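Have a look at the structure below before the remarks.
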Amino acid sequence: MSNAKQILKNILRTASGLPGVYQLYRLPSLHAAPVHINDARRRLEAISPRPPQRTNAPSFKYEADPNIEISIILPCYNVEDYVGDCIRSILVQKTSHTFEIIAVNDGSTDGTLSVLRSLAKDDSRIVIIDQHNKGLAGARNTGVDNMRGQYLLFVDSDDALAPEYLEHMMHALRNGDCDYVSSSYTYVDEDGKPMFREYPRTLDTAWGRLFPRTIWQRLRFPEGYLFEDTLQAFCITPRYRELAIKDFGYLYRYRSSSISHALNVKSIDTYWIVEELLHDCRKDSVPFDQRLYDTTIHHLGQLMYWRTRNFPPEQQQILFSVCCDLLGSIPEFSRMRTTLTGCEKDVERSLRTGNYRLWKASCLFLNLQTL
């Protein structure tokens, strides 16, 4: 990130946090006329259809192998410039724990598969699965289906691990009062040079977390969607105890061309995946409690706005109206009020009253504060 960009972000963050600034922006929005579009869901489908719902129940192809402790799942798509460094950083881990690397080549059109085969030729711990392109979720699911380890770690194929990362993660999981462990991480640039560290962890991503195999017995990523990592917030965090450790050994490569930075009509998946995962929560008896309610408010507010911020106003209003309808359709949420603070309370108010202008104002300020 350039110094100029960082300075601008610091100015915006500081300005948004000054006393009274938000109130000046908020007041004209408080009593705006409500927005409600009766056929909003149909119109949203016309802009970007909802991906098909899953029909097959997940299952492991192999029993856990007592000789393999950790399955490291590496989804690979057009990463010939990075995947070699990623795998080598895993192979040189200073650890007493056994592991396998399941590298899923997801229909790459560059030299990714050749790099994988060259590395696997010299190390039997690397398992290559070559498949037609199914997207990040489909590649990860293939890895989970084929794992033989007792524990599971996702690593993105353009990232890397510090030499003692696995040892620290396994020690934390086995000695902590928890179900799974999440690490902090270090941002690195495209050349692998450290930029800054992130703690506490602010991204609900799958990578950089060590899970027991049992958590994934019935769990898989929704395929066909962007933002598949939303699974973490809705289906894992509410059910399992997390231990967050201050280890920065996951090296997250910041690439401006990555999927997470793409903004187009497919960004409407940020809504569709919330709908899908709430359905999964209902099916799997995840409690519709305060924690899930606050998570839903956050995703229908700050994240929804940020990922669709470049949409034409008429499209964003359709999306907002669908969000209001979804929140109002869940009986358990009808009497709840968010425990989130600050602008999040106005996000909740906007979703309950159909106040589109207030939704935009509160979401904008939330994003400025977290730049």
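May I ask you to order 358-367, 324-333, 343-352 by the average number of other C-beta atoms within 10 Å around their residues, highest value first?
Numbers: 358-367: 22.8, 324-333: 15.5, 343-352: 21.2.
Top of the packing list down: 358-367, 343-352, 324-333.
Please state the relative contact order of the range 187-257 as a whole percent: Cα pairs under 8 Å, 6+ residues apart?
On the way: 44 pairs, mean separation 36.2, N = 71.
After rounding, I find 51 percent.
Distance check, please: which entries in K121/K266; K61/K283; K266/K360; K134/K360 exceed 27 angstrom between their Cα atoms?
Details: K121/K266 39 Å; K61/K283 23 Å; K266/K360 20 Å; K134/K360 34 Å.
Where the Cα-Cα span goes over 27 Å, the pairs concerned are K121/K266; K134/K360.
Label the range 61-154 by shape, choosing from rounded, prolate and oblate, from the square roots a ≥ b ≥ c of the eigenvalues of the Cα gyration tensor; if a/c is under 1.5 it is rounded, and otherwise prolate applies when a/b is larger than b/c, oblate when it is not.
On the way: a/c = 2.04, a/b = 1.27, b/c = 1.61.
Judged from the Cα gyration tensor, the range 61-154 comes out oblate (a/c at least 1.5, b/c at or above a/b).
In a shell of Cβ-Cβ distance under 15 Å around C324, excluding C324 itself, what net charge do Lys and Arg (+1) and Asp and Glu (-1) give?
Numbers: positive: R41, R43, R349, R352, R357, K360; negative: D39, E275, D325, D346, E348.
Taking every other residue near C324 into account, the sum is +1.
Which residues does the label zone of D39 cover in the range 314-354, counting backbone N under 20 Å from a point 7 Å along Cα→Cβ?
314-326, by backbone N distance to the label point.
When only C-alpha pairs under 8 Å and at least 6 residues apart count, what is the relative contact order of the chain, in percent? Before the final figure, lay out each step's value.
Details: 632 pairs, mean separation 76.7, N = 371.
Relative contact order, the chain: 21 percent.
Round to a whole number: what % of the accessible area of the chain belongs to carbon and sulfur, probe 1.4 Å? The partial results should precede the final answer.
Working: 9020 of 17380 Å².
Within the chain, the accessible surface is 52 percent carbon and sulfur.
Pop the C-beta distance of D110 and V265 into the FRET formula with R0 = 30 Å and round what comes out to the nearest 0.05.
Details: r = 26 Å, r/R0 = 0.88.
Efficiency at R0 = 30 Å is approximately 0.70.
Once you have the Cα-Cα distance between N67 and S118, take 0.36 nm times their residue separation minus that, and quote the gain in nm to one decimal.
Working: separation 51, 0.36 × 51 = 18.36 nm, distance 2.45 nm.
Full extension from N67 to S118 adds 15.9 nm.
What does the accessible area per residue of the range 262-371 come to in Å², with a 1.4 Å probe and no ligands, DNA or RNA counted? Walk me through the intermediate numbers first.
On the way: 4300 Å² over 110 residues.
Here the per-residue accessible area is 39 Å².
With a 10 Å radius around each residue's Cβ, average the other Cβ atoms per peptide and rank 164-175, 52-63, 75-86, highest first.
Working: 164-175: 18.2, 52-63: 10.1, 75-86: 20.8.
Per-residue mean Cβ counts within 10 Å order the peptides as 75-86, 164-175, 52-63.
Averaging sequence separations of C-alpha pairs under 8 Å and six or more residues apart, then dividing by the length of the range 51-171, give the relative contact order as a whole percent.
Over the range 51-171, the number comes to 42 percent.
Might you report the magnitude of the Cβ-based charge dipole of the chain about its Cα centre, with Lys and Arg at +1 and Asp and Glu at -1, to the nearest 20 debye?
Details: 44 positive and 45 negative charges, 246 e Å.
About 1180 debye.
Write down the accessible area per residue of the range 145-185 in Å², having rolled a 1.4 Å probe over the full set of protein chains. Provide the component values of the computation, followed by the final result.
Numbers: 1260 Å² over 41 residues.
Accessible area per residue: 31 Å².
The values are calculated or read from the model by the stated rules, or taken from the named source; none is laboratory data. None of the values given here were measured: they were computed from a predicted structure. Neighbour counts run over all protein chains shown; Cβ positions are idealised from the backbone, glycine included. With ligands, DNA and RNA removed, areas are computed over all heavy atoms of the protein, side chains included. Shrake-Rupley method; radii C 1.70, N 1.55, O 1.52, S 1.80 Å.
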